[in-house]
Amino acid sequence: HGRRRVKPSAEVEKLRKEKEATKIKEYNDLVASCFEKRDKNEFDNDAFTITTKILSQNPDFYTIWNFRRSILLYGILKECSEKDKQQTLSTELGFLQELFQLNPKSYWIFNHRRWCLEEIPNPDWNMELKLIGKFLEMDARNFHAWDYRRYVTFQLSSTTKTSLTQTEFDFTTTKINQNFSNYSAWHQRSKLMPRLIKEQNLDEQEKKTLVNKEFELVKAAFYTDPDDQSAWLYHWWLVGREIQHISLLGAYYNPKMRQVVLAFDDEIGMVIPFQVTKKIDDNSPSSYIEGMWRPAGGELKHDQLNIDRSYGFVWIFTFFDSVKDDFTELIVTVKPEFIVPSHSEVKLTRTMQRHCIINDNYNLENESSSSLSQSQDTLPIDTSERIKLLQREISMVRELLELEPDTNLLRELKYISGTNMEENSKIDDEVVTICDHLIKIDKLRTKRFEDLRSKAIFESATKSLVKLVSKELAYNDDTLQYQDSTFSLESKNLTIIPTPSILLYITKLNLSNNKLTSIQFLANLINLKEIDVSNNCITSISGVNRLRNLRYLKIQNNYIKNWEEVKNGFIGWQGVECNIYISENPLIENTNEIESLKIGWENEIKECSDQLKIIWK
């Protein structure tokens with residue numbers, strides 16, 4: 001510091017480059033020789049020496065590590081005695097300690113060290129624990145070292161038949177007190193806490209005391225540095241998160257279309273077709289019905305298992321023509337192994353069944369065995385205690401930050417607190433208020449907070465509809481058409497519709513004056529007759545071509561710039577006569593040939609179906 005940098009002379013720079021070129025050539029020659037020996041399966045001392053020279057310069061060359069293990073297995077250690085094997089692998093461990101000085105965070109050095117310790121006749125796990133302790137003295141946040149420490153303590157505990165849980169728990173306490181910003185130590189603590197409670201067989205009061213001490217430790221970290229994420233993440237783990245269980249919101253049989261319709265509260269993918277069985281009368285056995293399942297939207301998505309699979313909130317089962325309408329009861333069975341959830345925080349843990357009783361009015365009655373309450377792998381605290389805990393921690397965060405608590409805590413409290421509608425509404429209102437504030441101060445995450453805000457508003461506004469989806473579907477007796485039901489979410493600043501299946505029975509829907517950018521979700525609303533999405537931010541028409549009952553689509557004053565974005569949305573139209581209102585979109589602005597274009601577009605839309613009509617006003 002404080003010294004002026006002097007540019008080296010041209011001669012010095014030339015010598016430096018020549019020296020580097022020589023080293024590079026020597027290194028490349030070593031690698032070429034090594035690969036040649038590998039290709040010839042030459043597992044001799046010469047090959048071993050070459051790998052030593054290469055790894056001493058580049059310890060992250062995993063291909064060389066693989067060849068080195070082959071040399072040891074099929075060459076040097078193949079016919080040696082136990083004593084010689086112990087000596088050879090001890091020397092290898094010493095070599096690895098030297099390499100750690102080059103890179104103490106190398107995956108491949110730690111990986112090779114594990115292999116050596118599993119191959120050596122008499123591993124010294126106590127020595128390994130001391131070694132890794134020195135690593136964490138030099139860098140207490142080296143997550144490679146923390147991971148390796150978990151491996152060593154497991155091996156040591158297995159060998160000595162003694163538990164190290166309390167010792168390791170105390171070790172994390174020391175490291176956290178040295179530096180609250182040690183995420184690896186907090187993470188290690190989260191692994192040890194449940195094990196500690198189980199091993200020490202703590203009663204409810206002892207568990208409560210231990211957990212309260214943890215919250216005091218976290219609170220001390222908050223007051224030291226409230227902006228550090230490490231303690232907040234551990235706090236979120238302490239509070240715990242319930243797995244949100246997938247529910248079958250409703251099901252019904254449509255006799256006119258000969259279809260069974262299921263509505264879920266998650267956008268699920270189907271792995272194995274759901275089972276549909278029928279009974280002709282009370283005395284006859286159940287038999288399977290042949291047919292085809294499809295999601296209402298019919299979209300393919302790349303899922304978490306790297307498979308292109310159809311996903312949907314609403315699934316439709318259409319009977320094959322050969323199936324007779326001779327049944328009095330339909331039963332739909334959905335098992336956990338049949339589905340893939342939309343993300344890791346939701347799951348189906350128990351088989352669900354729906355009984356579709358067919359009566360004179362073709363209405364649905366249902367029964368469900370889907371009462372699910374199994375929680376994620378968190379601390380063993382019962383629900384009533386967790387509710388008190390969440391309420392206490394929300395108050396603490398308010399006091400600490402002097403503004404709003406974490407929306408995650410509020411939503412978790414809402415999820416586990418049951419059916420208290422008034423309290424849930426207050427939580428939704430507070431989440432909206434918090435998000436409004438965060439949208440103003442955190443421009444980089446505006447979309448995230450807008451979507452979270454939309455979810456809270458939607459859940460609050462549709463809470464009365466959740467029960468409607470699971471009730472009997474009302475028909476007009478003569479026409480077998482659904483009785484009209486109207487619902488409005490106008491002017492709510494919504495950016496998403498998080499659970500469109502809740503709107504399954506709505507026939508007239510008003511979503512105007514919001515911030516929606518897509519209407520793909522409409523594909524799930526198969527009973528829809530009228531939809532108003534004017535004054536939004538929509539750029540294309542999608543999700544409507546299978547809405548057989550749709551008669552009015554109002555999409556004025558959006559961001560549709562291209563006629564193809566309108567036409568493509570109606571390819572394969574299957575519905576009745578439908579009027580499409582598309583005025584005040586960019587595609588019909590700033591052109592002198594608008595009248596001739598309109599005539600051309602009207603003809604093109606009729607090519608999709610003569611049931612479609614464009615309304616320009």
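Bear in mind that the values in this text are calculations on the coordinates, not laboratory data. Here the structure is a predicted model, which means the values were calculated and not measured. With ideal geometry, Cβ positions are generated from the backbone for all residues, glycine too; neighbour counts draw on all protein chains shown.
Descriptive notes on the structure:
- Ordered from longest to shortest, the equivalent ellipsoid semi-axes for region 60-208 are 33, 19, 11 Å, each the square root of 5 times a Cα gyration tensor eigenvalue.
- Pairwise label distance in nanometres, residue 14 with residue 426, each label 7 Å out on the Cα-Cβ vector: 8.3
- Over all other residues within a Cβ to Cβ distance under 11 Å of residue 85, the charged ones net out to -3, with Lys and Arg as +1 and Asp and Glu as -1.
- Our coupling estimate for region 94-100, obtained by passing each phi through the Karplus curve with A = 6.51, B = -1.76, C = 1.60 and θ = phi - 60°, is x, 4, 5, 4, 5, 5, 4 Hz, Gly and Pro reported as x.
- Under 28 Å from residue 14, Cα to Cα: lysines that are on another chain or at least 8 residues apart: 23, 25, 53
- Pairs beyond 22 Å (Cα-Cα), from 17/105; 554/606; 256/606: 17/105; 256/606
- The residue list 107, 143, 126 was ranked by how far each Cα lies along the charge dipole of region 54-150 toward its positive end, using unit charges on Cβ atoms, and 143 comes out on top.
- Between the beta carbons of residue 611 and residue 584, assuming R0 = 41 Å, the FRET efficiency works out to 0.95 to the nearest 0.05.
- Among 269, 249, 280 - extreme Cα towards positive end, dipole of region 241-280, charges at beta-carbon: 280
- The 3J(HN,Hα) values that the Karplus relation (6.51, -1.76, 1.60; θ = phi - 60°) gives for region 103-119 are, in residue order, 8, x, 10, 8, 4, 6, 5, 4, 5, 5, 5, 4, 4, 4, 5, 7, 9 Hz. Gly and Pro appear as x.
- Point-to-point label distance, residue 62-residue 166, nm (Cα→Cβ direction, 7 Å offset): 4.0
- Loop-located trypsin sites (Lys or Arg not before Pro) across region 33-80 with a Cβ neighbour count of 13 or fewer within 10 Å are 40, 78, with loop assigned by DSSP.
- Stretch gain in nm, segment residue 90-residue 39, where the contour uses 0.36 nm per residue and the Cα spacing is subtracted: 15.6 nm
- Amide H contacts of residue 538 (H built 1.01 Å from N, in plane; Pro and chain starts excluded): 559 sit under 5 Å, all sequence-distant by 5 or more or on other chains.
- Given R0 = 22 Å, the distance between the Cβ atoms of residue 98 and residue 122 translates into a calculated FRET efficiency of 0.50.
- Pairs of Lys residues in region 160-215 that lie 8 or more places apart, or on two chains, and have C-alpha atoms under 17 angstrom apart add up to 7.
- Amide H contacts of residue 265 (H built 1.01 Å from N, under 5 Å, at least 5 apart or other chain): 247, 249
- Directionally averaged shadow of region 162-253, computed from the convex hull of its alpha-carbon atoms, nm²: 9.3
- For region 540-617, dividing the convex hull volume of the Cα atoms by the residue count gives 75 Å³ per residue.
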